[in-house]
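First comes the structure, then the notes that go with it.
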Amino acid sequence: MNCKNFIPVIVLIMLFSSCGYSLRTTQVFHTESSVVKTEGDKYRYEDSLVRIDYDLWASGGILNFSIYNKTSEPIYINWRNCNFIFNGYSNEYWTDKVVSTTNSSTIFRTDGWQTGQTKTTYNSSNPYLITDSKYHTVSTLTGIENSVTVIQKENPTNQIPPNSYNQIAKFSIQMPLLKTTDSILAYSRATTPLIFRNYLAVSKDKEFVKQIFIDNDFWISSVQTTYEKKAKWDIPPKLTKRPTDFYIINKKFIEYELE
């Protein structure tokens, strides 16, 4: 058969195959605050009672923060009166819900003897393999299944002892990818697409007779966008981690339009 007969077939395969390129869009969101100061590369709020450090760095953003008790007495957080506020919409920290967590594990045993220089046996009192110098075997347990369910109810209050801290990371910011052709977008507090606030109720007494309210606000001040054609998706983009920023990485395949 003449090789020329294969040329039309090859052309048809090329025409009907998907043609295009991979495009990776990376956006880094920079934030500012009118209340919380920056110390080094992170946000830090501080008063006579507490020191609060924030770390927003995550895909889509996260409100990750620690509350440190600066005093010599316990302080208390009233989660009933705490909120995460997203563009004016209030989300409650405490919702009086029950959390159920189940952990299960299954272990099997198979025995297979082989000739060789060592013998391996299973010691029931110590879950490791023991080896001597004559034979070799592979052994694992079988037929043992363990399942544990833990039911917890959310605590509406929280005590922080003196000179200690709690770490909280309950809410994701979940910022969507912004459609733009500009590499850099700048915003003021009046024009920003997102303002989010952390509203906390702290007290020196566990009865919360007198509460101190902390209102920390943040907003997106700029967005830096980069596009990479034919990006190798298994190689992540080089990003500089800053606790005052967060990022989004979007991957998609752009098809060529065949005329």
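Values in this text are rule-based calculations from the coordinates and carry no lab data. In this text the structure is predicted, and so the values were computed from the model without any measurement. Quick reminder, even Gly has a Cβ in these numbers, built from the backbone with ideal geometry, and neighbours come from all protein chains shown.
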Please list 3J(HN,Hα) in residue order for the stretch 240-247, calculated via the Karplus relation 6.51 cos²θ - 1.76 cosθ + 1.60 where θ = phi - 60°; whole Hz, with x for glycine and proline. 8, 5, 9, x, 8, 10, 8, 8
Listed pairs Lys153/Lys206; Lys179/Lys229; Lys70/Lys170; Lys206/Lys241; Lys42/Lys153; Lys70/Lys210 exceeding 28 Å between Cα atoms: Lys206/Lys241; Lys42/Lys153
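Length gain on complete extension for the stretch Glu39 to Ser172, per 0.36 nm per residue less the alpha carbon to alpha carbon distance? The partial results should precede the final answer.
On the way: separation 133, 0.36 × 133 = 47.88 nm, distance 2.28 nm.
The span from Glu39 to Ser172 would gain 45.6 nm if fully extended.
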Phi angles of the stretch 183-199, converted by Karplus (6.51 cos²θ - 1.76 cosθ + 1.60, θ = phi - 60°) into ³J(HN,Hα) in whole Hz with x for Gly and Pro, give 6, 9, 10, 10, 9, 9, 5, 7, 10, 5, x, 8, 10, 10, 10, 10, 10
Protection proxy (average C-beta count within 10 Å per residue), highest first, orders 164-172, 206-214, 69-77 as 69-77, 164-172, 206-214
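Calculate, for Tyr227 and Ile151, the FRET efficiency according to 1/(1 + (r/R0)^6) with r their C-beta to C-beta distance and R0 41 Å; round to the nearest 0.05. Don't jump to the answer; show the numbers that get you there.
Values: r = 48 Å, r/R0 = 1.17.
Efficiency, rounded to the nearest 0.05: 0.30.
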Taking amide H atoms as placed 1.01 Å from N in the peptide plane, list the residues 5 or more away in sequence, or in a different chain, whose amide H sits under 5 Å from that of Tyr187. Ser222
Check: C-alpha center the stretch 190-221 vs C-alpha center the stretch 76-96, spacing in Å is 9 Å
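Starting with the highest mean, order 40-49, 191-200 by the number of other Cβ atoms within 10 Å, averaged over the residues of each peptide.
Output ranking for 40-49, 191-200: 191-200, 40-49.
Could you work out how much longer the chain between Thr240 and Asp215 gets when fully extended? Use 0.36 nm per residue separation minus the Cα distance between them, nm to one decimal. Spell out each step's value before the answer.
On the way: separation 25, 0.36 × 25 = 9.00 nm, distance 2.83 nm.
Gain on stretching Thr240 to Asp215: 6.2 nm.
Would you mind putting 57-64, 26-33 in packing order, based on average other-beta-carbon counts within 10 Å, highest first? Mind dumping the intermediate values first?
Values: 57-64: 18.0, 26-33: 19.8.
By packing density, highest mean first, the sequence is 26-33, 57-64.
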